[in-house]
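The values are calculated or read from the model by the stated rules, or taken from the named source; none is laboratory data. Computed from a prediction, not measured in an experiment: that's the story for all the values here. Don't worry about glycine lacking a Cβ; one is built from the backbone with ideal geometry, like all the others, and counts go over all protein chains shown.
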Amino acid sequence: MASTVQPVPGASKAAAGAAHKYYERFDRIDRVMHAFLMTTFIGCAITGLPPLFSDHEWAAGLARALGGFQNAALIHRICAGVMIVVWLLHVVRLFADAIRRTGFLAMVWGPNSMVPQPQDVIDIWLHFKWFVGKGPRPQFDRWTYWEKFDYWAVFWGMAIIGGSGLILWFPQQFALFLPGWIFNVATVVHGEEALLAVGFIFTIHFFNGHIRPEKFPMDTVIFTGRIPEHELKEERPNEYRRLVAEGRLEATETTAPTPWTLSFGYLVGGTAVILGTLTVVVIIFSVLT
């Protein structure tokens, strides 16, 4: 059980100074795909708000700032197209890695899988006990339960929003084999699911990734791809022990991120958090007024 695991030696010496060792958490492909996904999601969110709240003055002003409703729709479709391609490439990459390296079992089971497992349920319970001071903090591996929740929320949201969006984007083609009522359903589903996705990403995901106390004000790992040794030991002690036991820790060691890379991560990540927060405030204001 996770609660019986002993702490990693040296983990209590948290960042007494700058960490000298860094390990790769996300490779270049991961970071590039996240960059495209982040950029296009924000683009879709901003350009999708004016038609959803067209009865509000701010929506008309935002549409004008984007070059009009038609231009906003064009930007929305470009962002949506890129996002769909990124999603498809991610799925292809998962299966390609399973065929070439990891095997299909590792894709659905084990510490490197994003599929929820019994240990995640145990970790949720142990984490709740830790929150209220009734037990030690659970010992996490490569993926925590909230990271899996974030992942699947985006994964299925992409399928629903993307699928309904394509129906609305190409109505004549889909009308050849779909009944007319589907388009009414697609309109409702696309808008409501998009609002849900925006609310989730710009609140829950941002909190998990950047605003929670141990990461505030910014977790730059998705931009640098690197995690310092003390953070790996403290936040993912089971992964650290597993890599040591398998003799793979040294293979993941990499150089420290450059100051420019860190500054870029803070700039891009901070901009995304600000835009996301403003978007949520505007949505809440529009719903309540």
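Summary of computed values
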{"item": "Meets criteria (in a helix (DSSP H, G or I), surrounded by 17 or more Cβ atoms within 10 Å (Cβ to Cβ), at pLDDT 90 or above and touching a Phe, Trp or Tyr at 6+ places or on another chain (Cβ under 7 Å)) for Ala72", "result": "no"}
{"item": "In region 127-143, the residues that are closer than 29 Å to Thr252 by Cα and either modelled with pLDDT of 95 or more or not polar (S, T, N, Q) (or both)", "result": "His127, Pro136, Arg137, Pro138, Phe140, Asp141, Arg142, Trp143"}
{"item": "Residues (surrounded by fewer than 16 Cβ atoms within 10 Å (Cβ to Cβ) and assigned to a helix (DSSP H, G or I)) located in region 40-63", "result": "Pro51, Glu57, Trp58, Ala60, Gly61"}
{"item": "Verdict on Ala194 being touching a residue at least 24 places away in the same chain (Cβ under 8 Å) and either more than 22 Å from Phe26 (Cβ to Cβ) or not charged (D, E, K, R) (or both)", "result": "yes"}
{"item": "Answer from Phe223, Phe177 - the residue that is among the aromatic types (Phe, Trp, Tyr), touching a Lys or Arg at 6+ places or on another chain (Cβ under 8 Å) and either surrounded by 13 or more Cβ atoms within 10 Å (Cβ to Cβ) or assigned to a loop (DSSP other than H, G, I, E, B) (or both)", "result": "Phe223"}
{"item": "Pairs where the first residue, in region 125-143, is free of Cβ contacts under 8 Å to residues at least 60 places away in the same chain and the second is assigned to a helix (DSSP H, G or I), C-beta under 7 Å, 6+ apart", "result": "Arg137/Trp130"}
{"item": "Members of region 177-199 found to be within 16 Å of Leu49 (Cβ to Cβ) and of a type outside the set (Asp, Glu), listed by number", "result": "Thr187, His190, Gly191, Ala194, Leu195, Leu196, Ala197, Val198, Gly199"}
{"item": "Qualifying residue in region 59-66 (condition: touching a Ser or Thr at 6+ places or on another chain (Cβ under 7 Å), modelled with pLDDT of 90 or more and under 24 Å from Gly165 (Cβ atoms))", "result": "yes"}
{"item": "Filter result for the condition that a residue is more than 30 Å from Ile167 (Cβ to Cβ) and not β-branched (Val, Ile, Thr), over Phe69, Phe104, Phe53, Phe36", "result": "Phe104"}
{"item": "Met114, sole failed condition from (1) in contact (Cβ under 8 Å) with a residue 12 or more places away in the chain; (2) part of a helix (DSSP H, G or I); (3) within 16 Å of the chain's Cα centre (by Cα)", "result": "(2)"}
{"item": "Unique residue being surrounded by 13 or more Cβ atoms within 10 Å (Cβ to Cβ) and not charged (D, E, K, R) when the list is Ala96, Ala80", "result": "Ala80"}
{"item": "Number of the condition not met by Gly157 [criteria: (1) surrounded by 14 or more Cβ atoms within 10 Å (Cβ to Cβ); (2) free of Cβ contacts under 8 Å to residues at least 60 places away in the same chain; (3) farther than 29 Å from Glu192 by Cα]", "result": "(3)"}
{"item": "Residue check for Leu88: of a type in the set (A, V, I, L, M, F, W, C) and closer than 27 Å to Glu246 by Cβ", "result": "no"}
{"item": "Test: Tyr145 is within 21 Å of Ile42 (Cα to Cα), hydroxyl-bearing (Ser, Thr, Tyr), within 17 Å of the chain's Cα centre (by Cα) and surrounded by 13 or more Cβ atoms within 10 Å (Cβ to Cβ)", "result": "no"}
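Conditions tested, residue by residue: (1) touching a residue at least 40 places away in the same chain (Cβ under 8 Å); (2) touching a helix residue (DSSP H, G or I) at 6+ places or on another chain (Cβ under 6 Å).
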| site | (1), (2) |
| --- | --- |
| Glu250 | no, no |
| Leu262 | yes, no |
| Gly265 | yes, yes |
| Val268 | yes, no |
| Thr277 | yes, no |
| Val282 | yes, no |
| Ser286 | yes, no |
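Residue by residue, here is whether (1) crowded, with 17+ Cβ neighbours inside 10 Å; (2) modelled with pLDDT under 90 holds:
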position: Trp181; (1), (2): no, no
position: Pro213; (1), (2): no, yes
position: Met218; (1), (2): yes, yes
position: Glu229; (1), (2): yes, no
position: Glu239; (1), (2): yes, no
position: Ala245; (1), (2): no, no
position: Ala251; (1), (2): no, no
position: Thr254; (1), (2): no, no
position: Pro259; (1), (2): no, no
